[in-house]
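Structure first, then comments.
No lab work stands behind these numbers, since they all come straight from the coordinates. No experiment lies behind these values; they were computed from the predicted model shown. Counting neighbours? That spans all protein chains shown, and the Cβs are built from the backbone with ideal geometry, glycine included.
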Amino acid sequence: MCTVCGCGVGEVTIGRSAATPRRSDAPTRGWKPVAAHAHAPDHAPPAEAPEAAETMDFGSGPARAHAPGLSQHEMLRIERDILGKNDGFAAANRRWLAERGIFALNLVSSPGSGKTTLLCKTIEALRGRVPVAVIEGDQQTECDAERIRATGAPALQINTGKGCHLDAAMVAQALGRLDLSGGSVLMVENVGNLVCPAAFDLGEAHKVVILSVTEGEDKPLKYPDMFAAADVMLLNKVDLLPHLAFDADKAVAFARRINPRLTVFRVSATTGEGFDDWLGWIDAARAPMAREA
Amino acid sequence: MHEMSLAEGIRTIVEEAAQAEGFGKVNAVVLEVGELAAVELESLRFCFEVVMQGTLAEGAALTVERVAGVGWCMSCGESVPIKALYDPCPKCGSYQVQPTDGTQMRVKALDVDGAVERAE
């Protein structure tokens, strides 16, 4: 929905449509509402892909130039969220997914937390129960998508180039290229980065943050934005706890200090410990979506 | 460095506003950024300068208005001021605090030259 005027889903707007011009005291300056309600072109994620390539590269982008001119000097009231464009794409993705009853999770963590291994294990565990597809985000390489495909699940790799996170527009393009079945589960493995992906809604049902016990238990405090943005935390590699000084209770307490509503599961992608609870949560959380579709 | 993406977001907003309003030059961009927002302002200032090069906002000043962080304390059942996401409630010391304001990142206004009044 437009964050300024609430004028619909998946549309970006400039300014308030019913705003009253506000003038400042300065004689040569004035506030005025932006006249046009310039929406982004109607955005449809499942657009036909020109090619069925399995890698998308967002490493390059054009720089545009404008010719400056001079006349009156004034203050334009804009009131637009900096992330409004991303949020518009995310809302359209969310609607597109909901129409098909597809339950999407955005998996976020620092590099090396075991996201891909956990994902492979989850796909294996869900086999026969529900189809799973994966969107893999990394700066470079197809390595992770290949690991996912080895499990038999379809995977599309997005390479962000120099980018540090996936954004909703990238995912929108990926949705059009993946052959997703209705009522399925879509796992989006974000770029390994505990900072930037926190700010970018992709249209997922939930962000799932993965923290492994080989990291510091104070990580939720050091990187609070991500733990605040997530609904679920998977504390991974718990099979290693006997060999480490990591205090799991403390890590969970720190995470809940940031986000009191956080659901936490202690899991091991290696031994399968805790997976019953994790899979049970997926089943329960996706059930309403699958029913409504 | 998601500040680069944020700066590009600002550029898009400026360009779309320029298209709608027909102004020729941006002298200043006014942002509204909450104290709890996921952005490092110094980094954003650097990225803003880089990203605006070659656009009609090249060399534009960046003004940032901060918005104080506010959270809802579940224990007290009221809104309390917080400076960080990990801050306890200043009244009861509980960490059961959900941010309710101060997470926004918005382009509030543009100081421009040459805007054309539109006939409605």
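When the Cα centres of region A:264-290 and region A:150-186 are compared, how far apart do they sit, in Å?
21
In terms of Cα to Cα distance under 20 Å, which aspartates and glutamates are near enough to B:Lys83, apart from those fewer than 8 places away along the same chain?
Counting by Cα, and skipping residues close in sequence, B:Lys83 has these aspartates and glutamates nearby: A:Asp218, A:Asp225, B:Glu32, B:Glu35, B:Glu40, B:Glu42, B:Glu65, B:Asp101.
Would you list A:Val130, B:Val80 from fewest to most Cβ contacts within 10 Å?
A:Val130, B:Val80
What's the exposure ranking of A:His243, A:His165, A:His206, B:His2, going from fewest to most Cβ atoms within 10 Å?
Least crowded to most crowded, the residues run A:His243, A:His206, A:His165, B:His2.
Full extension from B:Gln53 to B:Ala68: what is 0.36 nm times the residue separation minus their Cα-Cα distance, to one decimal in nm?
Here the segment from B:Gln53 to B:Ala68 would lengthen by 2.3 nm.
Among A:Leu211, A:Pro131, A:Val267, flag the residue with its Cα farthest along the positive direction of the charge dipole of region A:100-292, charges on Cβ as +1 for Lys/Arg and -1 for Asp/Glu.
Of the candidates, A:Pro131 comes out farthest on the positive side.
Taking a point 7 angstrom from the Cα of B:Ser79 along the C-beta vector, which residues in region B:87-109 have backbone N less than 19 Å away?
The answer is B:87-92, B:96-106.
What is the count of Lys pairs in region A:100-292 whose alpha carbons sit under 15 Å apart, if the two are 8 or more places apart or on different chains?
5
Which of A:Val238, A:Pro197, A:Leu175 sits farthest toward the positive end of the charge dipole of region A:100-292, with +1 on the Cβ of Lys and Arg and -1 on the Cβ of Asp and Glu?
A:Leu175
Tell me the label-point distance for the pair A:Asp218, B:Ala28, using the 7 Å Cα-to-Cβ offset, in nm and rounded to one decimal.
The modelled label-to-label distance comes out at 4.0 nm.
Could you tell me which GluC sites (Glu not before Pro) in region B:21-65 are loop residues by DSSP with no more than 16 other beta carbons within 10 angstrom of their beta carbon?
The qualifying sites are B:Glu40, B:Glu58.
Expressed in nm², what is the orientationally averaged projection area of the convex hull enclosing the Cα positions of region A:165-269?
7.2
Based on the inverse mean of 1/r over its pairs of different Cα atoms, what is the Kirkwood hydrodynamic radius of region A:100-292, in Å?
Result for region A:100-292, one decimal place: 16.6 Å.
Determine the dipole magnitude for region A:163-293: charges of +1 sit on the beta-carbon of Lys and Arg, -1 on that of Asp and Glu, nothing else is charged, the reference point is the Cα centre, and the result goes in debye to the nearest 20.
220
Based only on other Cβ atoms within 10 Å, what is the fewest-to-most ordering of A:Arg127, A:Arg80?
The order, fewest Cβ neighbours first, is A:Arg127, A:Arg80.
With labels modelled as points extended 7 Å from the Cα through the Cβ direction, what inter-label distance (nm, one decimal) is found for A:Ala150 paired with A:Ala125?
Modelled inter-label distance: 2.0 nm.
Note down the net charge around A:Asp167, summing +1 for each Lys or Arg and -1 for each Asp or Glu among other residues with Cβ under 12 Å from its Cβ.
Net charge around A:Asp167: -2.
Would you work out which of B:Gly9, B:Val39, B:Leu56 lies farthest towards the positive end of the dipole of chain B, given +1 charges on the beta-carbon of Lys and Arg and -1 on that of Asp and Glu, about the Cα centre?
B:Val39
Over all distinct alpha-carbon pairs, what is the Kirkwood Rh of region B:11-61 in angstrom?
11.9
Ratio of alpha-carbon Rg to the 2.2 N^0.38 Å globular estimate for chain B, to two decimals, please.
For chain B, the normalised Cα radius of gyration comes out at 1.32.
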